[in-house]
Amino acid sequence: MSEKEMELLTKGSGEAEQPFRYSVGRWGSKFLIELRDHKKLLGIRCPKCQKVYVPPRQVCSPCFQRMEELVELSDKGTLMAFTIIRFSFIDPETGITRPVPYGYGFIKLDGCDNSFQHFINIEDESKVKIGARVQAVFSEERKGNLMDIKYFEMIDD
Amino acid sequence: MERTAIIGIGMTKQERRKESETFSDMVFEAVTKALNDAEMTIKDIDNIVTGCNDFWDGRTISSMAVGDASGAWDKNISCVEGDGTFVALYGLTRILSGSYRATLITAHSKGSESISSLITNAMFDPIYTRPLGLDAITSSALQAKCYMDKYGITEEQCAMVSVKNHRNAKNNPYSQLPMDLSVKDVLNSRRLADPIKLLDASPITDGACAIILADEGMAKRFSKHPVWIRGVGFCADAYHLGDRDLAECKSLEKAAKTAYRMAGIENPFKEIDVAEIYDAFSYQELMWSEGLGFCEKGEGGKLVESGKTEMGGSMPINPSGGCLSAHAVIAAGLIRIAEAVLQVRGGAGKRQIPDVKTGLAHGINGPCGQSHCVWILGE
Amino acid sequence: MAKRVAIVGTGQTYHKSKRLDVNGVELIHEAVARALEDTELTRDDIDLVIIGNMDHFEGINYVDMWSIDGSGGFMKPTIKLTTGGTTGSTLAIAGYHMVASGLFNKALVIGWEKNSESDTTAAINTAFDPIWDRLTFAGAIGALAVEASAYMDDYGITERDAARVVVRDRKNACNNPYAHLRKEVTIEEVLSSPMLCDPVKLLDMCPRSDGACAVIFASEDVAEKITDTPVWIWGTANRHLYSYINDVNFHGLQSLKNASMELYQKCGIKEPLKEIDVIELYQPYSFGGLLWLESMGLCKEGEAPKLVWDGVTDMDGELPVNPSGGVIATNPIGATGLIRCAEVARQMMGKAGEHQVPNVKIAISTGFGGCMWSDILLYGKDKPY
């Protein structure tokens, strides 16, 4: 049998999942609990450079400084950059192909120095522009994860 | 080799589960301690090598999670995926290359976040071995059987290692399982895979460690107690267990030979004052002792029986309690280095061995100690 | 004593979308065998093996251990590095330092990936923070599309400008027998290809490939004995600035800016556009072929399209970029950064065949990956001081 005709096999990786239980950490837990219980967004301020980060975490990377001061952020912000995803791929969260198209953007929340990334509502594509004002739309049923925000929608502000 | 030193070490307490801490949180604690220990700030560090493993961390590009905590902002950085001894070795070469002067090494893992047997199953060949369900425990049990059978090592002798190391852990505030055990306790503990029983095996652990390596100039400038790196060596054996004589550790012998030659050590038993070696299972301390030349082949069992590897013996092994008492994979080898540093400095507190001039640290990678890394540290 | 280090030989596989005829270890061995052949060395001559890939593309833990038969690492020091897309360049940088340390004379450096064995975007997604980034992230393509949208908004860059980069690279790839996609495309074809993530279309993006690359690094004590045309490493630099995608500044590739600046200073490069003879850029998508040239200081911000339209980066231009066809044509991820290094070496050794650029004396290869991270290496035909 020639090389070309030869049957070549593959093997799947099996049915077992490899589940993980990631620690959210102290600051992250505060953020998600506040989001879940009060629909509020928290940032954390670096005592050295005064930058406010979202989501809150322990270290300001450029200053290598421990951060402690939580600050409440607006649920409104500005769209800094975005894309509309039109190719489908397997969503590791659900194990199924993520429905497309959907909007994905970087949002600078008012009162914050870095961007928050989340889905954006693209129903009216003409309004989806860099610099557009956006506001968080919260899920009715909130579970203490990032999906407690449904998406950000374009607003006239 | 140019003179290089370890001038700072820091580690977290090693625990079964650090519920509230992320990888980054743990690493930040270890790094902060190491910088304080060296009386440095992050500005004095000019490059970083992190030790991360995508499987243990449950994410691709696991190094991304600890860059901020490792002080990587605007610095040259790399990541070795493997035990901390290998991570540090690459960090050392970055100084020897003349490119950098002070390397920060970090390593972390959280065994608590995943299912260990699935993680270690993934190191086996996906087509031929993995479907059989082999993991770290079952493969090591195979090795233990081969080794014990070939050299007449007994389960009692293995149990003595566990008794010794858990007792030593009582002197180590960072360790996870300080325990007073008897040989009988070990022998009667739950059988995992013959001949390995629960108390022959290391626990699941969360923890992180950081060390700072420096060239001679930096070492002298910052440190009152630089611990000099006298020799290093590493070497890998064949992959397929069936290709190896599992009762032997040839790659360790070769790695040790390289490190000893560099350090000018001819009689390791006499010239080394303390050893921190990677005892993921009790039989491994015996087997690796032989590979490191502390005794003749097959004499590992007699070595532990003789009491020479106890705290008061002539060759104390694992005064920290070893991996048997706390086993944060990936960090574990780096912790061995940090512990050896403390011993050489005379700063090991209640677990200090008197008058240590030369210490050895050892780490492993891959199934059944396929690859070994040996460090010789001295005053 | 620190040693100077040179590349003395390279080997790579013929990169394809799927190599069902070999398993991973065999794929690795193909590249290794070619590199040994290129240098007329044997496995016995090698005293260190450095290997890397991205674990979750194939699902193998401890790849350095698993690949021993193919890599030639049996009873040798063997080590694994991984940093995501930058893995290949990270490996090259490690090859440099480990040999320069004086502890090793000849290092075999291997990057590989068998991307056909998993869903690439799903695997890349798990790179990102499981709590903050992963739930909404759309792999590398999503992040790059965000960068492109910001770049277009900042400087009025068009999709047509980016398409010109693709046309160049795909044309070059036709002259490289190892390249994966060896078919020319037109600007119109790029513009009309399916939209993946606005504004990035299918033909703006790199493919995913099965492939491996091996490069042999040797110390100055032996390099000139192995080859008449050693390729000297003048310097390396990298920046992995961000841990969270939320923090990224998408206006210019900051990591590449900082790393290039450091490297130019180290190596005494004052006018990169004039002094550098060839660049192999880790450019996974077309817009990077514009924006990142600006980040490297080859032209002013917003002016890269002019450079590219004027043909400066074409094969016969002042500074050819990606004579191999680059990442747009070939992308076995863990190998990709190392292929850039190997291709530069082939150019300097005069072994690049149909895609040879004449008289290359100074060259650069880069790596890109992670959270918008960059690695960069600079090579010279002359021995560095």
Inset, instruction - Restricting attention to strands (runs of 3 or more DSSP E) lying wholly within the stretch B:183-287, give those where 3 or more residues are in the same structural domain as B:GLU29 (by TED's automatic domain parsing) and closer than 27 Å to B:GLY111 by Cα. - result: B:206-215
Legend entry - Qualifying residue in the stretch C:169-187 (condition: assigned by TED's automatic domain parsing to the domain that holds C:GLY353, part of a helix (DSSP H, G or I), touching a strand residue (DSSP E or B) at 6+ places or on another chain (Cβ under 9 Å) and surrounded by fewer than 22 Cβ atoms within 10 Å (Cβ to Cβ)): no
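Conditions (1) within 12 Å of chain B (Cβ to nearest Cβ); (2) in contact with a Gly (Cβ under 8 Å, 6 or more places away or on another chain), marked per residue:
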{"position": "C:ARG239", "(1), (2)": "yes, no"}
{"position": "C:VAL248", "(1), (2)": "yes, no"}
{"position": "C:MET261", "(1), (2)": "yes, yes"}
{"position": "C:TYR264", "(1), (2)": "no, yes"}
{"position": "C:LYS270", "(1), (2)": "no, no"}
{"position": "C:ASP277", "(1), (2)": "no, no"}
{"position": "C:GLU280", "(1), (2)": "no, yes"}
Inset, instruction - Restricting attention to the stretch B:43-95, report how many residues are surrounded by fewer than 24 Cβ atoms within 10 Å (Cβ to Cβ), more than 9 Å from chain C (Cβ to nearest Cβ) and in contact (Cβ under 8 Å) with a residue 40 or more places away in the chain. - result: 3
Inset, instruction - Kindly indicate the residue of the stretch B:337-379 that is in contact with a helix residue (DSSP H, G or I) (Cβ under 7 Å, 6 or more places away or on another chain) and either among the basic types (Lys, Arg) or part of a helix (DSSP H, G or I) (or both) and also nearest to B:THR120 (Cα to Cα) among those meeting that condition. - result: B:ILE337
Inset, instruction - Please verify whether the stretch C:94-106 includes one or more residues that are within 21 Å of C:HIS240 (Cβ to Cβ) and more than 10 Å from chain B (Cβ to nearest Cβ). - result: yes
Inset, instruction - Please note which helices (runs of 4 or more DSSP H) are completely contained in the stretch B:36-127 and include at least 3 residues that are over 19 Å from C:THR86 (Cα atoms). - result: B:84-96, B:116-121
Inset, instruction - Quick one: in the stretch B:6-20, of everything that is closer than 21 Å to B:ASN36 by Cβ and more than 18 Å from the chain's Cα centre (by Cα), which residue is modelled with the highest pLDDT? - result: B:ILE7
Inset, instruction - May I ask you to list the residues in the stretch C:107-128 that are in contact (Cβ under 8 Å) with a residue 12 or more places away in the chain, among the charged types (D, E, K, R) and more than 10 Å from chain B (Cβ to nearest Cβ)? - result: C:GLU113, C:LYS114
Legend entry - Unmet requirement for A:LEU70, which otherwise passes all of (1) modelled with pLDDT of 95 or more; (2) part of a loop (DSSP other than H, G, I, E, B): (2)
Legend entry - Qualifying helices (runs of 4 or more DSSP H) (wholly inside the stretch C:304-362; at least 2 residues being closer than 30 Å to B:ASP54 by Cβ and at pLDDT 95 or above): C:326-329, C:333-349
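Residue-wise test of (1) assigned to a loop (DSSP other than H, G, I, E, B); (2) touching a strand residue (DSSP E or B) at 6+ places or on another chain (Cβ under 8 Å).
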site: A:THR94; (1), (2): yes, no
site: A:PRO99; (1), (2): yes, no
site: A:ILE107; (1), (2): no, yes
site: A:ILE130; (1), (2): yes, yes
site: A:VAL137; (1), (2): no, yes
site: A:GLY144; (1), (2): yes, no
site: A:TYR151; (1), (2): no, yes
site: A:ASP157; (1), (2): yes, yes
Legend entry - the stretch A:31-55, subset within 16 Å of the chain's Cα centre (by Cα) and within 12 Å of chain B (Cβ to nearest Cβ), residue modelled with the highest pLDDT: A:TYR53
Legend entry - In the stretch A:23-56, residue nearest to B:LYS33 (Cα to Cα) [restricted to those that are assigned to a loop (DSSP other than H, G, I, E, B) and touching a Gly at 6+ places or on another chain (Cβ under 7 Å)]: A:PRO56
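The values are calculated or read from the model by the stated rules, or taken from the named source; none is laboratory data. All figures in this text were calculated on a predicted structure; none of them were measured in a lab. Positions of Cβ are backbone-derived with ideal geometry, glycine not excepted, and every protein chain shown enters the neighbour counts.
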